[in-house]
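What follows is a single structure, written as structure tokens, with notes after it.
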Amino acid sequence: MNPFELLKNPQAIKEQADKFQRELAETTATGSSGGKMVSVTLNGKFELLGVKIDPVCIDPSDPKMLEDLIVAAHHDATSKIQDLLKDKTSSMMGGLNLSGFGL
């Protein structure tokens, strides 16, 4: 799809934006840490969908370790979602490089 054709038709832009929003909600990525002892799943809107924790890493005497594993898994999932979004937006924009705009 030619991105410049979209600019000629505001309704098409709205339809594409609505479709993109629906796809964001359906897109998921799971990040993990600690050798997959902790995993976190996010959707394309960066909403937390789930957390899985292996009971092996639940040590009441070391809550900081578990906290760090959760944060690391979240960072991993966030990075994966960002990569997916870059791919989706790039294909939507016909390969147009928008990196200069922070996208």
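Being in a helix (DSSP H, G or I), at pLDDT below 95 and over 20 Å from the mean Cα position of the chain (by Cα) is the requirement here; does residue 94 meet it? No. Residues in region 62-89 that are hydroxyl-bearing (Ser, Thr, Tyr), surrounded by 13 or more Cβ atoms within 10 Å (Cβ to Cβ) and either modelled with pLDDT of 95 or more or touching a Gly at 6+ places or on another chain (Cβ under 6 Å) (or both): 78 only.
If I go through region 18-45 residue by residue, how many of them are among the small types (Gly, Ala, Ser) and surrounded by fewer than 11 Cβ atoms within 10 Å (Cβ to Cβ)?
Going through region 18-45 one residue at a time, the tally reaches 1.
Residue 12 satisfies every condition listed in (1) among the hydrophobic types (A, V, I, L, M, F, W, C); (2) in a strand (DSSP E or B); (3) within 19 Å of residue 90 (Cβ to Cβ) except (2). Looking across region 46-61, the residues that are assigned to a loop (DSSP other than H, G, I, E, B) and either open to solvent by 70 Å² or more (accessible area, probe 1.4 Å) or on the phi > 0 side of the Ramachandran plot (or both) come down to 46, 47, 58, 60, 61.
The values are calculated or read from the model by the stated rules, or taken from the named source; none is laboratory data. Keep in mind the model is a prediction, meaning the values are calculated, not measured. Cβ sites come from the backbone with ideal geometry, for glycine too, and all protein chains shown count toward neighbours. Just the protein is used for accessible areas: all its heavy atoms, side chains included, with ligands, DNA and RNA removed. Shrake-Rupley method; radii C 1.70, N 1.55, O 1.52, S 1.80 Å.
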